[in-house]
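What follows is calculated from the coordinates using simple rules that are stated; it is not laboratory data. Nothing here was measured: the structure is a model prediction, and the numbers come from that model. Ideal geometry is used to build each Cβ from the backbone, glycine not excepted, and the neighbour counts take in all protein chains shown.
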Amino acid sequence: MTAGLTVDSTHDTVSAGLKVEDKLIIHKRFKVLMSGGAMTGRGDMAYGGKLEATLRDEDYPIGRALSTLALSVVDWHGDLAVGCNLQSQVPIGRGTNLIGHANISNRGSGQVGIRLNSSEHLQIALLALIPIFRNMKRMLCGSSQSV
């Protein structure tokens, strides 16, 4: 079990928080993480909790596949926010992983994303620099034309 305490002073406001976390490992493949906490400041109090389950590859740590499902709840002034997150990582090469994630809340918001992570292919990292250099060129040259 792990516990943490935080205190923050910003201008004339002091905020304090407490978090407690515990982890349960069932076999080497399955892990459950539970955490809960409270935060106070300016006379307000907020409470939150999270339950997270992770399933790893049979050959972990050699096999890099894993999936995580997390549920979180926050209560502030009686207003309840509930969220659900799902993430899955699948190896598609010796040093490359494909990671997909999705989240949704009871507020009607959500997000879906796919990411490619590689430790061996410098070309993928260099491709990410192309839009950065294009935007820098536009800013420096003052051109609004597409390159």
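3J(HN,Hα) along segment 64-76, derived from phi through the Karplus expression 6.51 cos²θ - 1.76 cosθ + 1.60 where θ = phi - 60°, amounts to 9, 6, 7, 9, 10, 10, 10, 10, 10, 9, 10, 10, 9 Hz, with x in place of Gly and Pro. Using the Cβ of Ser15 as centre and a radius below 15 Å, the other residues enclosed give a net charge of -1, where K and R count +1 and D and E count -1.
Dipole of segment 2-144 computed with +1 at Lys/Arg Cβ and -1 at Asp/Glu Cβ about the Cα centre; of Leu126, Gly95, Thr10, farthest Cα towards the positive end is Leu126. Once you order the gyration tensor axes a ≥ b ≥ c over the Cα atoms, which shape class does the chain get: rounded for a/c under 1.5, otherwise prolate or oblate by comparing a/b with b/c? Cα axes put the chain in the oblate bin. Note on the chain: with charges restricted to the Cβ of Lys and Arg (+1) and Asp and Glu (-1), its dipole about the Cα centre is near 620 debye.
In straight-distance terms, cross-link reach from Lys23 covers every one of the lysines whose alpha-carbon lies under 27 Å from its own, apart from those fewer than eight places away in the same chain; here that gives Lys31, Lys50.
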